[in-house]
1. If you average 1/r over all unlike Cα pairs in the chain and invert the result, what Kirkwood radius do you get in angstrom?
2. Using a Cα-Cα cut-off of under 28 Å, which lysines could be cross-linked to LYS130, ignoring same-chain neighbours fewer than 8 residues away?
3. Give me, ordered by chain and number, the residues 5 or more places off GLY64 or on other chains with an amide H under 5 Å from its own placed amide H.
4. Apply the Karplus curve 6.51 cos²θ - 1.76 cosθ + 1.60, θ = phi - 60°, to the phi angles in segment 136-153 and return the couplings in whole Hz, x for Gly and Pro.
5. Kindly write out, for segment 73-88 in residue order, the coupling ³J(HN,Hα) from the Karplus curve 6.51 cos²θ - 1.76 cosθ + 1.60 (θ = phi - 60°), rounded to whole Hz, with x marking Gly and Pro.
6. For segment 34-181, what is the accessible area per residue in Å², given a 1.4 Å probe and the full set of protein chains?
7. Over the chain, what is the relative contact order in percent, taking alpha-carbon pairs closer than 8 angstrom and at least six residues apart?
8. Which value in deg cm²/dmol, rounded to the nearest 500, describes the helix-derived mean residue ellipticity at 222 nm for the chain, given -39,500 (n - 2.57) per DSSP H run of n ≥ 4 and division by the residue count?
Amino acid sequence: MMPRARLCSLCLLTLYLVTGYGQEGKFSGPLRPMTFSIFEGQEPSQIIFQFKVNPPAVSFELTGETNNTFKIEPDGLLYLINPLDRETRSIYNLQVAALDAHGAIVEGPVPITIEVKDINDNRPMFHQPKYEGSVRQNSRPGSSIGTFTAHDMDEENTANSVLGYRIVAQTPQIPLDGLFLVQTYSGVFQLAKRSLKKQDAPQYNLTVEVSDKDFTTLCAVQINVIDINDQIPIFEKSDYGSVTIPEDTKVGSIILTIQATDADEPFTGSSKILYRITEGDSEGRLGVDTDPHTNAGYVTVKKPLDFETAAVSNIVFKAENPEPLVPGVTYNESSFAKFTLIVTDVNEAPLFSQYTFQARVSEDVATGTKLGNVTAKDPEGLDIRYSLRGDTRGWLKIDPVTGEIFSAAPLDREAESVYRVKVVATEVGGSSLSAVSDFHLTLMDVNDNPPRLAKEYTGLFLCHPLSAPGSLIFEATDDDWQSFRGPQFTFSLASESLRKHWEVSKINGTHARLSTKHTSFEERVYDVPIRINDGGRPPLEGTVSLPGIILAVVFIRMKNKDKDNVPSAQASEVRPLRS
């Protein structure tokens, strides 16, 4: 059996020859930071290095990114125990420490870096199994077709990953072989020897080889020869005569079919035909839709027609391809056609200038005040007469000739704040056709409603005899428009003589308190009129009566003055206050 020391020396010598290191020309040495380079793919159980330390160190410990790939023996021999793969991991960071007999670290740990060196162990691969490109017929030699690329997992920018391309087969070989070339290192495909004609072959199938210094991979490439647009569309006839239609023809109706043909390859951008109106329709009333299978053009109505605007139009079409024509080929008179559009008159209803007319006025405008006006026109130029529909309150009247609208009665915002009616415009003569629009009258508030009690108060009472001054609370309201703060009423007694016995105090903008000022009241009915002022512009004042009946038990009833039979009537005394 070979001595252990001789075996170790042989292993270290083998590793040196394989990997090509030399840490200062030694294969063993003291514990210090070191870097080792090892080629991937090495057989396992290779010795990398032997570390030496002095007592009290008796063994070594290996930590870090060992990945079950590296191992260290107690005598300091660092081993590779599993093969390396650079494409999986290119660097390992380890730490080595020297331990004493108790397992304590006495030296280190020191960093050990393992660099995995690349070998050519990966075959070049294409990104996809088959590529497809195209080239126009009559393209010049040297024209680019496309770039076809492969990749290699070996280390970049080394001889292991440098790839070369070449074409190894062409089918068919018509009109000759070698019609294409590929740049050796870029993978750029080009047309090589001559221009192609689709009549010779519409498609070529190539086999492309990519290789590094050791491996080769094949890929299929399909090159399609595309027709060029060297033929113009030609109309079957240049004049389609005249087409007569009424002006109320529905939008979307087909009024004419036209046809042109193209000798380029069918169902391509070179042979597809688009029709465009070049003269006679600046308003865009017509359009042409192309049948994708037959290239027939259907002339349709895109916008409403108008006899009064354009009764006769000379329409010119142009047939063209979405694909540009090749240089030297241009459209000529064969790609143009015309027809005459005749639009006949149809009696049409009047047209209002607006869908809705609006006006804003104060509710107290005088009767006969102009509120606004509406306008309509008859397409045939006939006279128009205006009338109102839905004037349920009889507030409005309209001038039948001018369309001016006036107030015909007093307006009341509290009855209706926005008054909506219909306005009818009817043509005079013809078929007496009519059209309808809306008129909205917004009424702005005027302070024309005096304050009043918010409700009828019943069942309120004061006991007699009064042991102490009594009181009751009442609420006022107003039918006019109120701001976000609500009404702000003021309250006072309507007679000076009442102030000896009664007093009114304001609680807030709508409520007040009526109180007795003493307890010496007789058992009888008392009339207590109270003024309520709304502070509006102009300010209005209402007087309400608070009668009470004082018997064994005193009852006080509150009501709006002089309106016993009308539950929510306004006060009988209403007058503006003087400033």
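1. About 38.1 Å, per the Kirkwood formula over Cα pairs.
2. Answer for LYS130, where 28 Å is the Cα cut-off: LYS193, LYS197, LYS198, LYS213, listed by chain and number.
3. For GLY64, whose amide H was placed from the backbone, the distant partners under 5 Å are GLN95.
4. 6, 5, 6, 5, 6, x, x, 4, 6, 9, x, 10, 10, 10, 10, 9, 9, 7
5. Whole-Hz 3J(HN,Hα) from phi for segment 73-88: 7, x, 7, x, 6, 8, 10, 9, 9, 9, x, 9, 9, 4, 5, 8.
6. 52 Å²
7. 7 percent
8. -1000 deg cm²/dmol
The values are calculated or read from the model by the stated rules, or taken from the named source; none is laboratory data. Predicted, not measured: the structure shown is a model, and the values here were computed from it. We work out accessible area using only protein heavy atoms, side chains counted, and drop any ligands, DNA or RNA first. Shrake-Rupley method; radii C 1.70, N 1.55, O 1.52, S 1.80 Å.
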